[in-house]
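The values are calculated or read from the model by the stated rules, or taken from the named source; none is laboratory data. The model shown is predicted, which means the values in this text are computed figures rather than measured ones. Quick reminder, even Gly has a Cβ in these numbers, built from the backbone with ideal geometry, and neighbours come from all protein chains shown. Protein only, heavy atoms only, side chains kept; ligands, DNA and RNA dropped before computing areas. Shrake-Rupley method; radii C 1.70, N 1.55, O 1.52, S 1.80 Å.
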Amino acid sequence: MTDAVPSLTEDAPMISMRTVDKHFGALHVLQDINLEVPKGQVVIVVGPSGSGKSTLCRTINRLETIDSGTIAIDGVQLPAEGRALARLRADVGMVFQSFNLFAHKTILENVMLAPVKVRGIDKTKARARAMELLERVGIANQADKYPAQLSGGQQQRVAIARALAMSPKVMLFDEPTSALDPEMVSEVLEVMVQLAKDGMTMVVVTHEMGFARKAGNRVLFMDEGRIAEDTDPDTFFTAPKSERAKDFLGKILSH
Ligand SMILES: Nc1ncnc2c1ncn2[C@@H]1O[C@H](COP(=O)(O)OP(=O)(O)OP(=O)(O)O)[C@@H](O)[C@H]1O
Ligand SMILES: [Mg+2]
């Protein structure tokens, strides 16, 4: 039986990871990860390159398998594979550093595609919803253009709208602004701040400290596959506990 079993508790955390371990060959990339994210919380993930931030995100929607432990979204444990997994994966939207839009489809078509193909939503409804979302991220007037005709910041906002089109319960962002020219960073962060205000549960890998302090409720500092610090943004950025975190902050602050 591959179908997911619903939880009996009403107020399950939106994301729950228990004793999660993962290796890439000899590399122990995630080590005993225990994490509960309540509904509506915005979690900022920071840490040195290679510490496992992207892998953590990718396991949350099963783009990567885990060796042991459990992951549940809104009280429902993720199955390893099958149709139940596809359905639960749609609950978790993901936005990457590279925008990954379909080059030969218009902006509107990019946002409509998954709801029509995966959810079987009627095209007229999908179009109306896509336009609403494009409005929300401030690019409804570009709906009929192709991705290459848009700036990086605009393309990333389309990627956010596209993820939202599946009505996810959780949004994961893996360095969403690090491929952007500096002047385009704020327009993407503003959309994310608004999403946080609207109550979306978010996990955001970013070194944008302004955003972390404005929208973040919690900071996880990852180091060599472990969650080494788990605290609020003010405490982390002003008084990190470990030498490793101090060293890391020193490096990002001197950029
Ligand atoms: N598919 C893979 N196969 C083998 N090793 C991998 C794979 N993906 C990631 N790794 C390794 O796992 C470790 C953690 O990678 P990950 O991408 O999660 O780090 P990160 O914290 O996101 O780093 P960055 O800040 O550079 O994005 C790295 O040592 C990386 O080389
Ligand atoms: Mg990464």
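Here are a few things to note about the model shown:
- Those lysines that a straight Cα-Cα span of less than 25 Å connects to LYS123, excepting residues fewer than 8 apart in one chain: LYS105, LYS145, LYS169
- Residue-normalised accessible area of region 82-216, expressed per residue, 1.4 Å probe, Å²: 47
- FRET efficiency for the ARG213 to GLU36 pair, using the beta carbon distance and R₀ = 22 Å, is estimated at 0.50.
- For THR235, the accessible area of its heavy atoms, probed at 1.4 Å with every protein chain present, is near 60 square angstrom.
- Semi-axes of the equivalent ellipsoid for the chain, Cα gyration tensor, largest first, Å: 29, 24, 16
- For region 126-251: Kirkwood Rh in Å [reciprocal of mean 1/r, alpha carbons]: 16.0
- For region 204-255 versus region 61-128, the gap between their alpha-carbon centres in whole angstrom: 29
- For the chain, built as a Gaussian network whose Cα springs stay under 10 Å, the top-fluctuating residue of LEU108, LEU134, LEU27: LEU27
- Accessible surface of the chain, 1.4 Å probe, proportion on carbon and sulfur as whole %: 50
- Calculated mean residue ellipticity at 222 nm for the chain: -11000 deg cm²/dmol, from DSSP H runs with n ≥ 4 weighted as -39500 (n - 2.57), summed, divided by the residue count and rounded to 500.
- Shown is the FRET efficiency for THR238 and ALA179, computed with R0 = 25 Å from the Cβ-Cβ distance and rounded to the nearest 0.05: 0.30.
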